[in-house]
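Engineer: Structure incoming, see below.
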């Protein structure tokens with residue numbers, strides 16, 4: 001049974017008053033907070049604490065900037081301890097912490113397990129991102145921009161046109177939001193980082209621990225870069241180092257190569273795969289579509305036949321079979337997906353490409369944060385000259401198409417350069433992750449004097465969640481890290497109790513023979 005205590009209307013009146021106030025150039029120490037009790041519970045779990053709005057400058061570099069509200073939850077530890085609070089940071093950018101996410105199916109079940117374990121001995125702080133219009137509190141309504149994909153059914157996707165439309169729409173959105181008095185210079189990585197610091201100072205805690213997945217790990221590492229003396233320890237998964245904001249096609253190609261090896265070792269499908277191998281088949285498909293886009297006929301409702309033309313940009317945009325579900329389903333269908341296209345059946349690609357006729361949208365905070373962080377010239381040169389870029393294309397075009405017009409200030413190269421430190425950090429990384437490929441965790445380990453990497457074999461972007469459902473005993477052992485008193489037990493002694501690798505169940509590849517992908521319902 002849900003029991004929710006939400007903000008009263010008084011909060012809006014107080015916010016409007018704070019919104020109009022000016023503030024001094026040293027804003028982090030001059031924040032105000034409104035708190036309200038909150039109980040979030042169901043039949044077999046309960047979290048009790050406060051939800052809060054902390055008022056901070058929208059642009060800390062402008063002494064006349066308005067104040068905006070950041071939302072965070074605080075759940076006091078259930079047992080007294082001397083351990084500092086732990087801050088959970090949302091992924092995305094755009095993942096909100098709200099009452100609703102506690103009830104959000106399987107995802108919420110894993111997250112509650114993690115939260116409950118840590119909350120036994122630590123205060124838990126859930127910090128929402130500034131500018132995230134899906135977070136509770138008083139955020140910018142509908143803080144997004146939309147663009148035309150520019151597609152039609154009789155022409156293949158043109159990624160250059162799509163990016164041109166995206167850039168122009170982004171520029172129009174910038175003009176629109178700035179005309180409304182929103183200072184977009186306040187939504188860069190340094191403001192995100194200083195928001196964590198504002199919460200820490202408000203709580204008057206000398207140190208905090210950090211937990212984050214994907215983007216949140218990058219956000220947290222920005223905090224470590226700026227305030228290393230304030231960090232107790234950290235646990236990251238789906239790791240994004242600071243200078244790895246742009247993805248490397250070669251790292252994604254390594255994952256595809258692993259899928260090929262698994263598929264070739266599976267006697268149920270190996271004999272039906274292309275003789276030249278899946279990766280060479282993929283290259284052949286790219287070359288075929290570059291030379292001649294394919295006309296595909298799809299049978300719709302009532303037996304009506306529709307036609308659609310697909311090209312190489314459609315393939316790169318739909319690298320995996322999207323109807324198969326996320327992560328594991330995409331891997332388990334990939335051999336069949338590639339084999340069918342190599343044999344001339346482009347219907348699955350055509351089905352996935354029908355959405356190109358519609359408009360797309362993204363959160364404004366995504367390009368603001370990511371373009372402010374950017375990437376070093378050396379890293380970008382490596383990415384652009386890798387072998388796989390020829391086949392996968394520009395996988396960072398969502399950044400490169402908007403970075404030149406982004407109003408958020410860019411950080412210097414020095415901020416992106418990791419330095420060795422002694423902060424204890426655990427990393428959990430799936431070796432099949434195509435969103436934050438495994439090489440990013442390997443890279444970060446070079447800088448962690450007190451680090452440990454747990455490689456989840458056959459794990460994906462949500463490898464930590466997969467562990468929670470596959471082996472609770474191991475997860476409890478991992479999370480004991482958050483309860484350690486390093487005055488009594490060293491990190492070095494603790495990490496030898498953890499495995500270097502953990503293996504998830506074998507893949508169940510879809511049969512190559514039998515119903516085509518276009519004729520079979522998706523399954524997870």
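Engineer: Might you let me know whether the stretch 422-443 holds any residue that is in a loop (DSSP other than H, G, I, E, B) and without any contact (Cβ under 8 Å) to a residue 24 or more places away in the chain?
Structural biologist: So far as the stretch 422-443 goes, no, none of its residues is in a loop (DSSP other than H, G, I, E, B) and without any contact (Cβ under 8 Å) to a residue 24 or more places away in the chain.
Engineer: For the subset of the stretch 103-123 comprising residues that are touching a residue at least 40 places away in the same chain (Cβ under 8 Å), touching a helix residue (DSSP H, G or I) at 6+ places or on another chain (Cβ under 6 Å) and surrounded by fewer than 21 Cβ atoms within 10 Å (Cβ to Cβ), which member is nearest to residue 209 (Cα to Cα)?
Structural biologist: 121
Engineer: Residue by residue through the stretch 230-271, note down the ones that are farther than 19 Å from residue 430 by Cβ and touching a residue at least 12 places away in the same chain (Cβ under 8 Å).
Structural biologist: Within the stretch 230-271, 230, 231, 232, 233, 242, 243, 245, 246, 264, 266, 268, 269 meet the criteria.
Engineer: Those residues that are within 30 Å of residue 50 (Cα to Cα) and in a strand (DSSP E or B), I need them from the stretch 127-175; list them, please.
Structural biologist: Correct list: 127, 144.
Engineer: When you check residue 112 against the structure, is it outside any loop (DSSP other than H, G, I, E, B), in contact with a strand residue (DSSP E or B) (Cβ under 7 Å, 6 or more places away or on another chain) and farther than 17 Å from residue 202 by Cβ, yes or no?
Structural biologist: It is true that residue 112 is outside any loop (DSSP other than H, G, I, E, B), in contact with a strand residue (DSSP E or B) (Cβ under 7 Å, 6 or more places away or on another chain) and farther than 17 Å from residue 202 by Cβ.
Engineer: Looking only at the stretch 310-355, count every residue that is at pLDDT 95 or above, assigned to a loop (DSSP other than H, G, I, E, B) and either under 19 Å from residue 508 (Cβ atoms) or not assigned by TED's automatic domain parsing to the domain that holds residue 284 (or both) and tell me the total.
Structural biologist: Total meeting the criteria: 0.
Engineer: Turning to a different aspect of this structure: In the set 33, 38, 56, which member is modelled with pLDDT of 90 or more, in contact with a helix residue (DSSP H, G or I) (Cβ under 6 Å, 6 or more places away or on another chain) and in a strand (DSSP E or B)?
Structural biologist: 56
Engineer: Here is a further query. On the basis of being crowded, with 19+ Cβ neighbours inside 10 Å, under 27 Å from residue 311 (Cβ atoms) and in contact with a strand residue (DSSP E or B) (Cβ under 9 Å, 6 or more places away or on another chain), does residue 162 make the cut?
Structural biologist: yes
Engineer: I would also like to ask the following. For residues that are buried (at least 18 other Cβ atoms within 10 Å of the Cβ) and out of contact with any strand residue (DSSP E or B) (no Cβ under 8 Å at 6 or more places or on another chain), scanning just the stretch 146-156, find the one that is farthest from residue 352 (Cα to Cα).
Structural biologist: 150
Engineer: Now a separate question. Looking at (1) in contact with a helix residue (DSSP H, G or I) (Cβ under 9 Å, 6 or more places away or on another chain); (2) in a strand (DSSP E or B); (3) at pLDDT 90 or above, which is the only condition residue 65 fails?
Structural biologist: (2)
Engineer: So, one more: Which number in (1) within 22 Å of residue 476 (Cβ to Cβ); (2) buried (at least 19 other Cβ atoms within 10 Å of the Cβ) marks the one condition that residue 79 misses?
Structural biologist: For residue 79, the exception is condition (2).
Engineer: For the stretch 203-213, state whether one or more residues are part of a helix (DSSP H, G or I), modelled with pLDDT under 95, closer than 24 Å to residue 367 by Cβ and not assigned by TED's automatic domain parsing to the domain that holds residue 395.
Structural biologist: The answer is no; no qualifying residue exists.
The values are calculated or read from the model by the stated rules, or taken from the named source; none is laboratory data. From a predicted model like this one, the values you see are computed outputs, not experimental measurements. Every residue, glycine among them, receives a Cβ derived from its backbone with ideal geometry; neighbour counts consider all protein chains shown.
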